[in-house]
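Below is one structure; the comments refer to it alone.
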Amino acid sequence: MAQDIHFSQFDGSLLNLSPAYTGFFNGDFRVGAIYRSQWQSVPVAYSTISMSGEARLKPTSLKKDMIGVGITFNNDRAGDARYGTTQFYASGNYIFLGKADSSLLISGGLNIGIIQAGFDYSKMTFDNQFDGINYNRTVPTGEKFDWTNIVYADMNAGFAAQYILNYKHKFSYGIGLHHLTNPVITYQGNSLSRLDFRLANYLSYSTSINPKLDIIAEALFNKQGKYYEVIPHTSLKYYLNRDLNQAILGGICLRARDAFVFRVGYHYKTLNSGIAYDINTSKFTAATNRRGAFEIFVNYIIKKQRGYVAKKRACPVFM
């Protein structure tokens, strides 16, 4: 009912929140990766990795607006049967410049993906293979699967907006509309099992407290089927050198009814990175002993060096 991958550092993987964040940055290119290892103390550990690459384009036909294009690769593995999901998405986004000083940006995006999901049947055991004394792999399992791996298409859409008030207060909101086609995921040859539509809402606010310190507040709300995920987050950003955007960050998240998340980060110029650790607080603590997940991400924005073109030239006669 709610099988989508998720990250505690959701701001480190914005394309998984909404395709409207494709190219939604100050630069020409952005590359990023995030890795999550969850429940290592439990035999059914989860591991998830996501990588992305984007470009922000400025076609000559557009006077002030921009286009964002990008790709996202996700891979998730879980359990003894190594149930896995591999996703590849291609995204497109239109970024509208609401104000000439770039204090207001509005965008709308779409992505289309191909997904492969499946499991390793050879690693599974069944009751029928118990012969009364021991487990016997040669005994028929009594199970029948039409497939152990499937491939399906998916489509997501989204909208985002960013507003900077008085060059100090920065607001951002994004919405993602996932699985618009409700794709079928089944290994029994029927169409009864469908992936539920997911709604993702992301809200962010940041402001400067003093020349050395910013405060960042974020919230993520995911709803898929009858299940939901709520994550509020607050961090402090301390500048070692504001001109170089060299700073360290520290903060805490709360995934409602599931975990406390401690986060630290480091920024330098256009490099953003972060590490997080989940402390499990749900009823699953009986198995996890409160050990939840470790996560790390890095994003890097590339800016092209623009050639200088002089608008006025001095006359050598009067120099």
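Compute the FRET efficiency between F29 and S61 as 1/(1 + (r/R0)^6), taking r as their Cβ-Cβ distance and R0 = 25 Å, and round to the nearest 0.05. Rounded to the nearest 0.05, the efficiency is 0.75.
For the chain, modelled as a GNM whose springs connect Cα atoms under 10 angstrom apart, the maximal fluctuation among I67, I114, I133 occurs at I133. Say the dipole of the chain comes from +1 at the beta carbon of Lys and Arg and -1 at that of Asp and Glu; which of S37, H178, S13 then lies farthest toward its positive end? Farthest towards the positive end: S13. The charge dipole of the range 139-218, taken about the Cα centre with unit charges on the Cβ atoms of Lys, Arg (+1) and Asp, Glu (-1), comes to about 340 debye, rounded to the nearest 20. Springs join every pair of Cα atoms under 10 Å in this Gaussian network model of the chain, and among L62, L110, L199 the largest mean-square fluctuation is at L62. For the range 180-215, trypsin sites (Lys or Arg not before Pro) are listed when DSSP marks them as loop and at most 16 other Cβ atoms sit within 10 Å of their Cβ; the list is K212.
Projecting the Cα positions of I106, S122, F159 onto the charge dipole of the range 80-161 (unit charges on Cβ atoms of Lys, Arg, Asp and Glu, taken about the Cα centre) puts I106 furthest along the positive direction.
Cα centroid separation, the range 43-119 to the range 225-282: 21 Å.
Just checking the listed ones, F96, F297, F24: in the Gaussian network model of the chain with Cα springs under 10 Å, the one fluctuating most is F96. Computed per residue of the chain from DSSP H runs no shorter than four, each worth -39500 (n - 2.57), the mean residue ellipticity at 222 nm is 0 deg cm²/dmol.
A straight Cα-to-Cα reach below 20 Å connects K123 with the aspartates and glutamates D76, D80, D131, E143, D146, residues fewer than 8 places away in its own chain not being considered. Charge dipole (Cα centre; +1 on Lys/Arg Cβ, -1 on Asp/Glu Cβ; no other charges) of the range 19-305 amounts to roughly 960 debye. Full extension of the chain between N190 and I5 gives 64.2 nm of extra length, using 0.36 nm per residue less the Cα-Cα distance. For the pair K283 and Y173, label points projected 7 Å from Cα toward Cβ lie 3.6 nm apart.
A crude spin-label estimate for the pair I106 and Y300, with each label 7 Å from Cα along the Cβ direction, gives 3.6 nm.
Charge dipole (Cα centre; +1 on Lys/Arg Cβ, -1 on Asp/Glu Cβ; no other charges) of the range 199-304 amounts to roughly 80 debye.
In the range 19-305, a dipole from Cβ-located charges (positive for Lys and Arg, negative for Asp and Glu) runs towards its positive end, and of N210, I248, F284 it is N210 whose Cα lies farthest in that direction.
Remark: spin-label model distance S41-R82 equals 2.7 nm, labels positioned 7 Å along the Cα→Cβ axis.
Please report the net charge: other residues with Cβ closer than 9 Å to the Cβ of G27, K and R +1, D and E -1.
With Lys, Arg at +1 and Asp, Glu at -1, the neighbours total +3.
When the listed pairs K237/K283; K64/K304; K237/K303; K63/K304; K64/K237 are checked against a 26 Å cut-off, the alpha-carbon distance exceeds it for K237/K283; K64/K237.
Using the Cβ-Cβ distance between F73 and I150 with R0 set to 22 Å, the FRET efficiency works out to roughly 0.75.
Coordinate-derived values only; no laboratory data. Note that the coordinates shown come from a computational prediction; the quantities given were computed from them, not determined experimentally. Don't worry about glycine lacking a Cβ; one is built from the backbone with ideal geometry, like all the others, and counts go over all protein chains shown.
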